[in-house]
Amino acid sequence: MTPAGILSRADVLVLGGGPAGCWAALAAARAGAEVVLADKGYCGTSGAAAAGGNNLWYLPPGPERDRAVADRLREGGGLCEPDWMHRVLAETWDRVPDLALAGYRFPRDDVGDEVRSGLQGPEYMRRMRRAVRRAGVRILDHAPALELLAGPDGAVVGAAGRFRREPRGWELHAGAVIVATGGTALLSGAFGTDVDTGDGLLMAAEAGARLSGMEFSAVYALAPAFGVHTKGLMMAFASYFDADGRRIGELTGRRGRVLAAERLARGERLWARLDRAPAEQHDAMRRAQPNYFLPLDKAGIDPFRTPYELRLVYEGTVRGTGGIRLAGPGCETDVTGLYAAGDAATRELVTGSRSGGGSHNGAWAIASGSFAGRAAARYARAAPVHRVPLRALGRAGMRPTGPASGIGAGDVVAAVQADVLPPGRTYRRTGAALTDTGGRLDDLWAAVRAGLHPGTGPRSAIRARESAAVLAAARWSTVAAARRRETRGVHRRSDHPETDPGAEHRIVLTGVDDVLTGTEEVRR
């Protein structure tokens with residue numbers, strides 16, 4: 001089904017145009033590969049990274065870096081791996097200067113030195129798109145991938161998808177495929193996550209890849225009650241107030257954000273005011289994260305002087321940890337020819353059971369994308385060329401097993417959100433609630449597999465596949481959370497509030513229709 005004018009073969013195909021996908025494409029092209037990048041949106045503008053400021057885990061070699069690794073090892077619930085952490089820090093340190101060569105202008109501190117530990121998302125991704133194109137990568141915009149293609153030996157040898165703006169599909173054969181499609185917030189509305197529906201997780205699992213860390217998905221962020229901006233940096237300067245306007249003294253700093261989230265999850269109402277920020281920093285804060293202030297300004301609220309109400313917004317695996325399990329240092333998956341990078345891959349290796357949000361995810365996107373790009377290029381050069389008919393692997397939302405049942409993509413997403421998004425159900429989990437949710441999601445999956453048809457146009461086909469991916473991610477997260485009967489990091493069990501020393505291992509998931517669980521020991 002290859003359309004005219006679309007490259008039918010490449011050495012490396014990258015799925016996703018966020019930071020991880022761009023770094024992967026750039027690394028593969030620099031390694032001599034012919035590369036195509038297919039993005040669901042417009043590469044350089046879509047996704048969470050392009051929507052705001054991005055901190056980086058960016059430290060020079062030496063004691064400061066060693067301390068950072070030691071600190072995260074203590075905080076990561078025993079699931080981090082020091083070798084990966086040092087490799088990510090080293091790769092990030094080596095790659096960030098490439099941004100300067102691409103024209104990115106870093107701010108300077110009081111003594112004139114460049115500050116490279118943070119990036120402005122819009123400019124960052126604009127520069128990355130330019131760098132990728134200059135490296136010779138062909139970009140397919142508004143071209144979401146819907147399924148992977150496999151050869152007779154099970155190796156992944158390409159992908160197929162649809163164009164959003166044209167009534168045609170695309171198919172591309174490749175020596176290697178890198179999944180960098182991001183995590184999923186289950187279409188919660190979290191800022192910049194409208195394209196993060198978990199498509200890559202579903203495609204990889206259909207090919208036989210395993211997932212890991214999906215229980216570490218119960219991640220919520222504070223946002224204005226009428227907004228969706230979930231960047232947490234501004235909340236470091238917040239004071240909190242109850243419904244009667246009384247200041248809650250114990251809610252300050254990072255710990256204050258956690259305690260505020262606990263209260264909101266219990267159904268309390270809270271207000272915030274950024275009155276801990278010195279007046280001389282107000283303009284700098286607005287420049288650093290203008291999107292945070294935009295809805296407040298539109299509502300006529302000066303957040304430095306006037307309290308505004310808060311709510312919790314689900315961020316799932318976008319700011320959480322879980323994703324496709326990695327089987328090697330080049331971000332190989334369990335499937336030959338398939339690689340994963342960024343939020344689509346598990347970040348347990350560098351963040352453990354804590355949220356990977358912020359600086360660690362920023363560095364992980366750069367490093368894992370670069371690792372995957374180089375490794376995929378090496379593999380593609382030696383990969384056999386498949387000249388036989390290939391198998392299309394997409395199932396749920398694409399190839400139903402029965403007649404149309406009347407279930408729609410919107411119905412599927414709404415049902416998932418009703419079970420998973422409410423903080424009262426997911427911020428702190430219980431075995432009873434997980435069993436209840438799991439049963440309903442299993443029934444919904446059976447209905448989707450049998451009766452959710454893709455329709456005839458690109459919009460309906462894409463939405464059907466996205467809804468299936470949202471449901472699949474919710475099922476995996478629920479299964480993993482039920483298996484981990486303890487509290488560890490962002491996985492909080494009210495019925496198992498203590499951390500079990502005997503559970504210092506990973507929960508690994510296999511399968512799509514029937515999900516199996518296993519454990520994997522952490523390499524020290």
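The values are calculated or read from the model by the stated rules, or taken from the named source; none is laboratory data. These numbers were taken from a predicted model, which means no experiment stands behind them. Cβ placement follows ideal geometry from the backbone for every residue including glycine, while neighbour counts extend to all protein chains displayed. Areas reflect the complete protein model, heavy atoms only, side chains present, ligands, DNA and RNA absent. Shrake-Rupley method; radii C 1.70, N 1.55, O 1.52, S 1.80 Å.
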Exercise. Can you find even one residue in the stretch 65-79 that is free of Cβ contacts under 8 Å to residues at least 40 places away in the same chain and either open to solvent by less than 10 Å² (accessible area, probe 1.4 Å) or assigned to a loop (DSSP other than H, G, I, E, B) (or both)?
Worked result: yes
For this session: Answer yes if at least one residue in the stretch 7-21 is over 22 Å from residue 330 (Cα atoms), among the basic types (Lys, Arg), buried (at least 23 other Cβ atoms within 10 Å of the Cβ) and touching a residue at least 12 places away in the same chain (Cβ under 8 Å), and no otherwise.
Result: no
For this session: Under 6 Å between Cβ atoms, at least 6 apart or on separate chains: pull out the pairs that start in the stretch 173-196 with a residue that is in contact (Cβ under 8 Å) with a residue 12 or more places away in the chain and end on any residue that is surrounded by fewer than 24 Cβ atoms within 10 Å (Cβ to Cβ) and basic (Lys, Arg).
Result: 173/9
Exercise. Condition test on residue 50, is it buried (at least 18 other Cβ atoms within 10 Å of the Cβ) and within 21 Å of the chain's Cα centre (by Cα)?
Worked result: yes
Exercise. Looking only at residues in the stretch 367-422 that are modelled with pLDDT under 95 and part of a helix (DSSP H, G or I), which one is surrounded by the fewest Cβ atoms within 10 Å (Cβ to Cβ)?
Worked result: 382
For this session: Working only within the stretch 506-524, note down all residues that are surrounded by fewer than 16 Cβ atoms within 10 Å (Cβ to Cβ), touching a strand residue (DSSP E or B) at 6+ places or on another chain (Cβ under 9 Å) and touching a residue at least 60 places away in the same chain (Cβ under 8 Å).
Result: 520
Problem set entry | Count - residues of the stretch 439-496 that are farther than 30 Å from residue 163 by Cβ and part of a helix (DSSP H, G or I) | 13
Exercise. Restricting the search to the stretch 309-321, which residues are in contact with a Gly (Cβ under 8 Å, 6 or more places away or on another chain), on the phi < 0 side of the Ramachandran plot and not in a loop (DSSP other than H, G, I, E, B)?
Worked result: 313, 317, 318, 319
Exercise. (1) within 30 Å of residue 287 (Cβ to Cβ); (2) touching a Cys at 6+ places or on another chain (Cβ under 7 Å); (3) not β-branched (Val, Ile, Thr): which one isn't true of residue 18, the others all being true?
Worked result: (2)
Problem set entry | Among residues of the stretch 439-472, those that are closer than 30 Å to residue 496 by Cβ and surrounded by 19 or more Cβ atoms within 10 Å (Cβ to Cβ), counted | 7
Exercise. Are any residues in the stretch 327-351 in a loop (DSSP other than H, G, I, E, B) and either under 16 Å from residue 197 (Cβ atoms) or more than 15 Å from the chain's Cα centre (by Cα) (or both), and if so, which ones?
Worked result: 327, 328, 329, 330, 331, 333, 334, 335, 336, 337
